[in-house]
Structures are given as structure tokens and as C-alpha cells.
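No value in this document is a laboratory result; all are computed from the given coordinates. Small disclaimer: the values here were computed from a predicted structure and weren't measured. Cβ sites come from the backbone with ideal geometry, for glycine too, and all protein chains shown count toward neighbours.
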Amino acid sequence: MDTTHYEVVEYWFLHQDECGLSVDWDEAEKLCWRCAQERLLQRCHIIPRALGGSEEPSNLVLLCGQCHAEAPNVADPEFMWVWLRAHAASFYGTYWYNRGLREFEFIYGRKPLAEFTEKPECLMPKLTVAIDNYITQTSTHWGQGKLNPATIAWLLRQVEKELDNSA
């Protein structure tokens, strides 16, 4: 019988400090431990079965499909926790938006909206309108339920263009 999500959470609740992780143990049965999105969670092996990893709760974490695909496949059990903490988002639901910001910086070599010097209270209403205009031209990949980093980068660039034209 497969190890349940409950068993995985209960094990790590007793053996790992939640400090620096994306989720609290109270919500770890429903939120991905890396991106904190409420998604269908998969049991991810800390040490892959191909490298001798077991099906015990001590060798499993709970990740959404996308984070599972990006998780390390190494025989070093400590690295999973280093990786999870390195990707922790400060606020629930912001992980993929942060990735979108980094994607924008990678593509364009600068931070989004860096060239706009308007005061935030003046810029925010314009940002809201621009985002509303372009969000309808985006979609999610089937089964993802969220915008991916490349789509967020595109959205930010379109918003910048609109703000630049309205100045």
C-alpha cells in the first residue's frame, strides 16, 4: 500500500522544522511544499527509487507535478531540504510570480518597470488597467491552473509597453 500524504506530513512534522519552507505543516497536505500552490500533490522521492530510495515517509515530500519535475534526483537526502528552502516564497501564492519576474530579467536583462519613475500611488491604477487589458490574452497550460513564468514575463512586457504609450 502506498504511503499516504497524511503519513508523509506527520513524519516530517516530527522530524523537520518548517522554518524557511513555503508551507506550514498545518497546510502541508494540500499545498505544494515548494510553490505553496493548492494543487494535486504527488509523492516525490527525496532519494529516487532508481538510486535506492524507499517508499517510507522519511523519503517522501509532497509536490505539485511541475515542482516534482524540477526536483533534484540525487542520493543526498539533505539536498532536498536545501532546495525546498532556497525556493521558499515569502507569501503564499507568489512563487510563480517571482519566477515570472526572474524570467523577465533573464529575457530583457533588467527588472520590470525599472524605467518608470511615477509615484506608486499614480502608477498602480494604470498598472491595474493594463494588467486587466492583457490578462485576457494569456492562458494556462492544461492542468497547471496558474500562469507559467514565461507568460508572466510577456504580460509584464505588454504592461510596460502600454504604460509607456500612455505617458
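Taking the Cα centre of the range 5-86 as origin, sum charge times position over the Cβ atoms of Lys and Arg (+1) and Asp and Glu (-1), and report the length of that vector in debye to the nearest 20.
Here the size comes out at about 360 debye.
Determine the relative contact order of the chain: mean sequence separation of Cα pairs under 8 Å and six or more apart, normalised by residue count, in whole percent.
Across the chain, relative contact order equals 19 percent.
Counting Lys and Arg as +1 and Asp and Glu as -1, each charge on the Cβ, what is the dipole of the range 95-166 about the Cα centre in debye, to the nearest 20?
The dipole of the range 95-166 has a size of about 240 debye.
Run lengths n ≥ 4 of DSSP H only: what is the helix-derived mean residue ellipticity at 222 nm for the chain, with -39500 (n - 2.57) per run over all residues, to the nearest 500?
Rounded to the nearest 500, the figure is -14000 deg cm²/dmol.
Dipole of the chain (Lys/Arg Cβ +1, Asp/Glu Cβ -1, origin at the Cα centre): which of Ala114, Gly145, Phe91 lies farthest to the positive side?
Value: Ala114.
About its Cα centre, how strong a charge dipole does the range 30-167 have in debye, to the nearest 20, once Lys and Arg get +1 and Asp and Glu get -1 at the Cβ?
140 debye
Compute for the range 34-167: radius of gyration divided by Kirkwood radius, i.e. Rg/Rh, restricted to C-alpha atoms, rounded to two decimals.
Ratio of gyration radius to Kirkwood radius for the range 34-167: 1.09.
Could you check the simple spin-label distance between Glu55 and Thr140, using points 7 Å along Cα→Cβ, in nm with one decimal?
Reported label-point gap for Glu55 and Thr140 is 3.0 nm.
Between the range 63-88 and the range 26-45, what's the alpha-carbon centroid distance in Å?
Here the two parts' Cα centres lie 12 Å apart.
So, R0 is 30 Å and r is the distance between the beta-carbons of Asn148 and Lys30; what FRET efficiency does that work out to, to 0.05?
0.90
Please work out the Kirkwood hydrodynamic radius for the range 1-93, using every pair of different C-alpha atoms, and report it in angstroms with one decimal place.
Value: 13.0 Å, from the Cα pair sum.
Using a cut-off of under 13 Å, list every residue of the range 25-59 whose amide N is near the label point 7 Å from the Cα of Phe13 along the Cα-to-beta-carbon line.
The answer is 25-30, whose backbone nitrogens lie closer than 13 Å to the label point.
For the residues Tyr6, Tyr95, what sequence is obtained by ranking on other C-beta atoms within 10 Å, fewest first?
Sorted ascending by nearby Cβ count, the order is Tyr6, Tyr95.
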